[in-house]
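Structure, as structure tokens:
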Amino acid sequence: MVTDSDHPPTGRRAHHVRANPGRTLGIALFGWFAVWAATSEALAESESSRLNAFFEEVHQAAIARWPEWQTSLGLKTDNTHWNDRSEDRRLAEHEITIRTLARLRHAFDFDRLEPSAKLSYRLFERKSELDIEWFPFRHHGYPVDHLGGIHTWIPTFLINRHRVDTRADAEAHIARLRGVPKVIDQTIDRIRVRAEKGIIPPRFVFPRVLSDIDKVLTGTPFDATATDTSILADFRQEVADLGLPDPDAAALVGQAITALETEVHPAYLRLRAEMAALASRATTDDGAWKFPDGAAYYALQLRSRTTTDLTADQIHAYGLEEVARIHDEMRAVAKDLGFTGDLSGFFGFMRTDPANYYPNTDAGRDAYLQDTRAIIERMDAALDAYFSLRPKAGLEVRRVEPYRESATDVAFYNRPALYGDRPGIYYLGMRDMALLPKYAMEGLAYHEAIPGHHMQIAIAQELEGLPEFRKQGGYTAYIEGWGLYAERLAKEMGFYRDAKSDFGRLSWELLRAARLVVDTGLHHKRWTREEAIAYLDANLPATHDTNVSAIERYIVWPGQATAYKIGMREILAARDEARRELGPGFDIRDFHRVVLEDGAVPLDILRELVRDWIAAGGG
């Protein structure tokens with residue numbers, strides 16, 4: 001027998017329905033809605049789970065095709081091989097992109113996805129579309145130039161990425177040495193394909209490339225020099241650190257020497273001969289306009305790098321405006337320092353005052369490194385007031401290895417290993433301490449380390465619940481825009497405590513503004529290399545040699561230099577909008593969380609995320 005306490009009698013329930021039909025219908029509708037909502041949520045969760053599984057499958061398949069990527073992530077799954085750099089591989093990758101995009105669109109219902117999964121869908125779709133759009137321009141650009149290429153990548157990769165923790169790792173290192181000829185011959189093929197289309201580096205590139213190849217080939221076992229070449233020196237030390245019996249260690253080093261002599265050395269000589277022969281065809285035409293469909297190529301570079309639809313003319317005009325504004329702020333700093341001359345004279349004073357530089361000695365370099373570490377420690381202690389997200393990965397400050405110093409920027413950042421314990425590395429190129437003035441070191445550290453690249457990139461890699469392609473992917477405008485924003489944020493946090501350091505901050509921002517002018521000048525307005533250098537000489541406090549190096553970088557990397565200032569502008573605009581809309585409810589820690597918690601995204605999507613946060617009340 002069922003009691004009333006368990007179920008109401010049928011007659012009583014029927015009477016209740018007759019007496020309150022509207023209320024009962026509301027209850028029924030509410031119950032139906034609850035069931036519908038629960039069902040919809042379950043469907044969204046299921047569809048999102050399927051989508052994330054798809055992304056993981058695609059991501060893991062991509063990693064499996066690229067051995068160097070695996071090693072860079074800290075994996076040792078295929079560490080005896082190099083990437084396949086052949087045209088056939090590039091064609092195959094294009095077909096994979098087309099098929100994968102079609103599968104994404106066919107297999108998943110966008111409207112059923114959870115918000116985070118919808119963002120992943122959009123980002124993956126956009127990246128795939130852009131990859132397909134880039135395919136006709138796959139031969140534009142230079143496989144080898146004065147800033148790098150396979151000739152510097154091989155030693156850099158073996159020394160900094162390929163870890164030797166076991167004997168098997170050492171044997172894999174030797175296998176990679178034996179594989180160098182294939183990699184270099186594929187690169188020579190790529191150089192020749194481009195040369196047939198008239199895509200040849202400018203004349204100034206070739207002496208630097210030949211010199212860098214010669215540096216790699218300097219030392220034992222390539223010549224009679226008493227010291228080991230950089231690759232052998234590193235390998236010898238890594239083997240020694242393994243603590244193997246002497247005969248075993250000697251055998252491994254002997255195998256490496258044989259591979260260097262019989263495989264690596266001849267391959268490098270072939271590359272050198274190829275570049276020496278190509279030098280005779282090089283011209284002084286520097287801009288991307290000289291390429292086939294050069295205007296379309298540069299327009300795509302700008303759209304890709306800035307993730308905006310800004311035209312070259314709009315970017316150029318904005319750069320001119322910002323240069324003028326920053327000049328005015330620098331005049332105020334000069335006045336604070338008691339300087340009475342014009343801005344050009346102030347630039348000369350800052351450039352030539354010996355008090356602004358460390359000695360160009362090993363002691364001076366060590367002092368710079370130690371002082372940089374102290375700057376980072378002070379910043380680290382202040383972060384909690386501005387950030388609720390902090391990276392777990394460690395950070396090291398290192399000097400760039402001498403064999404590649406001439407081919408690198410004065411400073412750059414390498415991300416931590418995703419799988420493994422390699423920390424983030426803030427590298428400093430210290431071949432000439434005149435390139436690293438004291439007044440600029442704070443801004444440089446904030447950009448490359450914290451709260452700049454290390455903060456953003458390490459956090460992105462450590463985010464939970466996101467597909468791996470979002471953790472490891474990147475958009476130059478977002479990443480470099482954040483780095484430049486970090487320089488500005490440090491000022492708001494109370495750093496740059498003296499006028500000279502603030503001048504250093506402004507000098508970095510001025511450089512990024514001037515880049516907008518010269519990059520578009522070179523590649524859109526057909527400025528010559530000399531005209532672009534003259535513009536920097538007239539408007540920046542940097543030395544002439546520094547300006548030459550900068551322009552030569554922008555020549556071989558069209559569009560990249562425009563991303564910094566455009567990215568910073570958009571992040572600041574989003575922050576200003578949030579402050580305006582939220583008023584007293586605005587919290588800088590929450591704003592930074594919103595900017596960082598989804599990894600690198602295009603600037604238009606970043607603005608969407610910030611506006612969604614504003615609409616939700618800024619919590």
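Filtering segment 204-243 to residues that are within 26 Å of the chain's Cα centre (by Cα) and charged (D, E, K, R) leaves 208, 212. The numbered conditions (1) farther than 21 Å from residue 505 by Cα; (2) within 25 Å of the chain's Cα centre (by Cα) are all true for residue 366 except (2). Scanning segment 221-235 for residues that are under 18 Å from residue 402 (Cβ atoms) and buried (at least 17 other Cβ atoms within 10 Å of the Cβ) turns up 222, 228, 229, 230, 231, 232, 234, 235. Contact map, segment 120-134: residues that are of a type in the set (Val, Ile, Thr) paired with residues that are modelled with pLDDT of 95 or more and in a helix (DSSP H, G or I), Cβ distance under 8 Å, separation 6+ or inter-chain. Pairs shown: 132/94; 132/97; 132/98; 132/101. Which residue out of 543, 562 is in the same structural domain as residue 347 (by TED's automatic domain parsing) and buried (at least 20 other Cβ atoms within 10 Å of the Cβ)? On inspection, the qualifying residue turns out to be 562.
Summed over segment 101-138, the residues that are in a helix (DSSP H, G or I) and closer than 18 Å to residue 194 by Cα give a count of 4. Within segment 269-282, being in contact with a helix residue (DSSP H, G or I) (Cβ under 8 Å, 6 or more places away or on another chain) and within 28 Å of residue 558 (Cβ to Cβ) holds for 271, 272, 274, 275, 276, 278, 279, 281, 282.
Among 442, 480, 468, 448, which is touching a His at 6+ places or on another chain (Cβ under 8 Å), charged (D, E, K, R) and surrounded by 23 or more Cβ atoms within 10 Å (Cβ to Cβ)? Give the derivation first.
Working: 442 fails: touching a His at 6+ places or on another chain (Cβ under 8 Å); 480 fails: touching a His at 6+ places or on another chain (Cβ under 8 Å); 468 fails: surrounded by 23 or more Cβ atoms within 10 Å (Cβ to Cβ).
None of the others qualify; the one that does is 448.
Is it the case that residue 117 is small (Gly, Ala, Ser), crowded, with 17+ Cβ neighbours inside 10 Å and touching a residue at least 24 places away in the same chain (Cβ under 8 Å)? Judged against the criteria, residue 117 is a match. Among residues of segment 594-612 that are touching a residue at least 40 places away in the same chain (Cβ under 8 Å), those with a beta-carbon under 9 Å from a residue that is aromatic (Phe, Trp, Tyr) and surrounded by fewer than 22 Cβ atoms within 10 Å (Cβ to Cβ) at least six positions away or on a different chain give the pairs 596/387. Restricted to segment 233-352, the set of helices (runs of 4 or more DSSP H) holding at least 3 residues that are of a type in the set (A, V, I, L, M) comprises 246-259, 265-278, 294-306, 312-336. Exactly one residue out of 187, 156 is modelled with pLDDT under 95 and part of a helix (DSSP H, G or I), and it is 156. The set of residues in segment 139-153 being in contact (Cβ under 8 Å) with a residue 40 or more places away in the chain and in a helix (DSSP H, G or I) consists of 150, 151, 152.
In this structure, does residue 168 turn out to be assigned to a helix (DSSP H, G or I), assigned by TED's automatic domain parsing to the domain that holds residue 199 and surrounded by fewer than 16 Cβ atoms within 10 Å (Cβ to Cβ)?
yes
Scanning segment 398-428 for residues that are acidic (Asp, Glu) and closer than 19 Å to residue 372 by Cα yields 401, 405, 409.
The single condition from (1) surrounded by fewer than 19 Cβ atoms within 10 Å (Cβ to Cβ); (2) part of a helix (DSSP H, G or I) that residue 619 fails is (2). With respect to being modelled with pLDDT of 95 or more and surrounded by fewer than 22 Cβ atoms within 10 Å (Cβ to Cβ), residue 492 fits the description. The set of residues from segment 68-82 being touching a Phe, Trp or Tyr at 6+ places or on another chain (Cβ under 7 Å) and either surrounded by fewer than 16 Cβ atoms within 10 Å (Cβ to Cβ) or modelled with pLDDT under 95 (or both) comprises 73, 74, 75. Evaluate segment 364-376: report whether one residue or more is among the polar types (S, T, N, Q), over 30 Å from residue 591 (Cα atoms) and surrounded by 15 or more Cβ atoms within 10 Å (Cβ to Cβ). No, segment 364-376 contains no residue that is among the polar types (S, T, N, Q), over 30 Å from residue 591 (Cα atoms) and surrounded by 15 or more Cβ atoms within 10 Å (Cβ to Cβ).
Among 432, 421, 409, which is the only one that is in contact with a Leu (Cβ under 9 Å, 6 or more places away or on another chain), within 26 Å of residue 232 (Cα to Cα) and surrounded by fewer than 21 Cβ atoms within 10 Å (Cβ to Cβ)?
Values: 432 fails: in contact with a Leu (Cβ under 9 Å, 6 or more places away or on another chain); 421 fails: in contact with a Leu (Cβ under 9 Å, 6 or more places away or on another chain).
Residue meeting the stated conditions: 409.
The values are calculated or read from the model by the stated rules, or taken from the named source; none is laboratory data. Computed from a prediction, not measured in an experiment: that's the story for all the values here. Here Cβ is always computed from backbone atoms with ideal geometry, including for glycine, and neighbour counts include all displayed protein chains.
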